Amino acid sequence: MGGYSGQELTAIFVMQGFSGLSLFCVFLLMALGLAIIFGQMGVINMAHGEFLTLGAYITWLISELASTSPWLQQVYFPFAIVAAFAGAFLLGYIVERVMISRLYHRPLDTLLATWGLGLILQQIYRSTFGPREVSVGMPDWLMGSWAVNDMIDIPLNGLFVMAVTLIMTVGVVSMMYRSRWGIKLRATTQNRLMANAAGINTKRVDRFTFALGCGIAGVAGAAFTTIASTGPTTGSLYIVDTFLVVVFGGAASLLGTVVSAFGIAQSQSILEFFLSGSMAKVITLLVVVGILMFRPQGLFASKVRR
Amino acid sequence: MHDSTRKTPAWKRHLLAVALGTGLGFAGAAGAADHPTEKVSTTGLAVNDDTVKVGILHSITGTMAISETGSVEAEKLAIEQINAMGGVLGRKIEVIQEDGASDWPTFAEKSRKLLTQDKVAAVFGCWTSASRKAVLPVFEKENGLLYYPTFYEGLEQSKNVIYTGQEATQQNLAGLDWIAKEKDAKTYYLVGSDYIWPRTSNKIARKHIENVLGGEVIGEEYYPLGNTNFGSLINKIRLKKPDVVYASIVGGSNVAWWKQLKAAGITPERQTIVTISVTEDEVLGIGGENIAGYYSSMKYFQSLENDNNQAFVKAFKARWGEDSVIGDVTQAAYLGPWLWKAAVEKAGSFDVDAVAAASADIELETAPEGYVKVHENHHLWSKLRMGQWKADGQAEVVYESELIEPNPFPEGYQ
């Protein structure tokens, strides 16, 4: 890195740090929903990405409606996020009721069934919205960058995704550890029979938990329209990384998900800077595989009895 | 861009009668009576006194549907226009459409079905190089004829394929020459998605920059297909300040790349970027405001002002909806049926050997991109254009080269 001034290097250091942080937020936001569904319930939901896509399309639909008035265009986004959550939550609820609830003790069948569901949803999006990607009209306050000084530009959409991630994470953590539903969920996860015996309607807990995880995926989809593409297969861009983060973190641990998202995002971002994109991915995956060989239960294993 | 009106649903569009006699085409079609079936078809193709069957083989489902839809629309439009003019050798063209489903073995299987069961006289199809490589052995074994529309990496030539898009030297060299002169560029940064086409294109670009333009490549790197985070790459570009970034990022990654560039405060005034992977189709997803001011290097833009193109755009929109956009590959796909018709008429036969032999030197004065001519290596002579994107999703053509000879096996660039 010879030939660059100290000021330049500082600026790059700051922006590179930010870029790592925003990748962390992307990973965390998409992994949150899966951490609940896969981590707490043990359901391998291969259609998770398609719930994300649903959120993205709902955002797009609302942005199209809002594009009629410049004023609406500026304010629609928070409402789009709420709608994306509601839409994905609803679909998740129906899917749990119709499909997942019949497959709880058959994890491999769930894998296949949700994979099929994912394909069906993708094709439904393709037939409804067309195979081409759509462009979500962004309000002005989400476009461009915040110029801290001459050299440092912080992307506004990155800041926005960070804020959404923070709110969602705090929300999920407080729900899990500070609410009645959280107690019921943790009781169900730890010992379903005992939870049942204690009068917890575990079926209802399952249904709500699955729908909530899907709803969070919908929020992620809405937030990601600001930084990436919206198309029928958008969700599949994220699904592999999402599972990676959750598995690496330790399936049943929210803290593990956070730490693993941070670790993977930072190592990938730093390696990308010093090596190239493909090599960064290769090395990150090798490290993850290496660590999982020694700690098959992931970084943070919590003791779970099923 | 954000027009809320949507395309008419497919079933409705099909109800619209289509008889678009535009100014395209050659001299009036000869009647079938002048060309008895036993003479024009001696190898058992699906030709009778009234009709001739052809195949369309693209992905309607799966990840590639995003790109291939435009090609299907263009090929159907061309075939409908040819039929409205009386068909080929007095026979109406009948289309058998198969779905490659974004899956390369499926492409091979469907092409075998089209050639051996349906006995089609020609196939218009494929989009990715992977799908073309999968069907090539089938076309060579069954002696079929494929019209392939996509700009691609070159290094291929077959009697059984007519390449209507540009090969890599046609798409890269003239554009690099222009940008080097226009921006007085000395340093280049090459980025792409990690697969054969960007790598081959960049290999050619690098040789040209280093050996011909006397410039320097200060970075070359690839990101996995589907990568959605370009923060680190953008920081590197910001630090190294190349005169030109030369980009061939595709698919969903493409949208993330342009959106994040804009969000990082990079502007076309501060950073020149030339891409070889963005057509009007991609801009739909990227958003015109995110790419305005940057350049695309390819042979066709929807905004071309010649009469052929205006008629084509008008007909395309009348057939497929006012909101349709037409990208480089869509136009190249449109050429396929017309080039086939011209070759069949020149050969006086539907037989694949005769048509393939007659294809060399076929000229098309009516092509939307302007004049094209088939080279004996089965690629097209074509021009290279530089388009500068505008916020409305259309490009302004700022440079147009002379006709460039196709050279799929360029010496000194391997």
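With K and R counted +1 and D and E -1, the other residues having a Cβ less than 9 Å from that of B:Leu233 yield a net charge of -1. Amide H contacts of B:Thr275: B:Ala247, B:Tyr295, B:Ser296, B:Ser297, each under 5 Å away and 5 or more positions distant or on a separate chain (H built 1.01 Å from N in the peptide plane; Pro and chain starts excluded). Extents of the stretch B:263-348, taken as max minus min of Cα coordinates on every principal axis and listed largest first, are 59, 26, 21 Å.
Over 20 Å between Cα atoms, which of B:Lys341/B:Lys373; B:Lys53/B:Lys92; B:Lys241/B:Lys262; B:Lys141/B:Lys373; B:Lys76/B:Lys314 qualify? Can you show the working numbers first?
Working: B:Lys341/B:Lys373 14 Å; B:Lys53/B:Lys92 8 Å; B:Lys241/B:Lys262 16 Å; B:Lys141/B:Lys373 27 Å; B:Lys76/B:Lys314 15 Å.
Exceeds cut-off: B:Lys141/B:Lys373.
Restricting the calculation to alpha carbons of the protein assembly as shown gives Rg and Dmax of 27.2, 90 angstrom. Per-residue 3J(HN,Hα) values for the stretch A:286-293, derived from phi via the Karplus relation 6.51 cos²θ - 1.76 cosθ + 1.60 with θ = phi - 60°, read 4, 4, 4, 4, x, 5, 5, 5 Hz in sequence order (x marks Gly and Pro). So how tilted is helix A:107-129 from the main axis of chain A? Cα-based, degrees 0 to 90, rounded to 10. The answer is roughly 50 degrees. Expressed in Å, the radius of gyration and Dmax of the Cα atoms of the stretch A:24-239 are 18.2, 64.
Charge tally for B:Ala356 (other residues, Cβ to Cβ under 14 Å; Lys, Arg +1; Asp, Glu -1): -4.
What angle, in degrees between 0 and 90 and rounded to the nearest 10, separates the Cα long axis of helix A:6-34 from the longest principal axis of the Cα atoms of chain A? Approximately 20 degrees, to the nearest 10. Principal-axis analysis of the Cα atoms of chain A puts helix A:156-178 at an angle of about 30° to the longest axis. Taking amide hydrogens as placed 1.01 Å from N in the peptide plane, the amide H of B:Leu145 sits under 5 Å from those of B:Val123, each at least 5 positions away in sequence or on another chain.
In this entry, chain B is assigned a mean projected area of 18.7 nm², taken as a quarter of its C-alpha convex hull surface. The alpha-carbon positions of the stretch A:170-306 define a convex hull whose volume is 127 Å³ per residue.
Listed by chain and number, the aspartates and glutamates whose alpha-carbon sits under 15 Å from that of B:Lys119, ignoring those within fewer than 8 places in the same chain, are B:Glu94, B:Glu98, B:Glu109, B:Glu140, B:Glu142, B:Asp351, B:Asp353.
Listed cross-link partners B:Lys133/B:Lys236; B:Lys133/B:Lys240; B:Lys159/B:Lys299 are compared with a 30 Å cut-off, the Cα-Cα value being larger for B:Lys133/B:Lys236; B:Lys133/B:Lys240.
Since every read-out is calculated from the coordinates, none of them should be taken as a lab result. This structure is a prediction, so every number in the text was calculated from the model and none was measured. For neighbour counting, all protein chains shown are included, and Cβ atoms are generated from backbone atoms with ideal geometry for every residue, glycine included.
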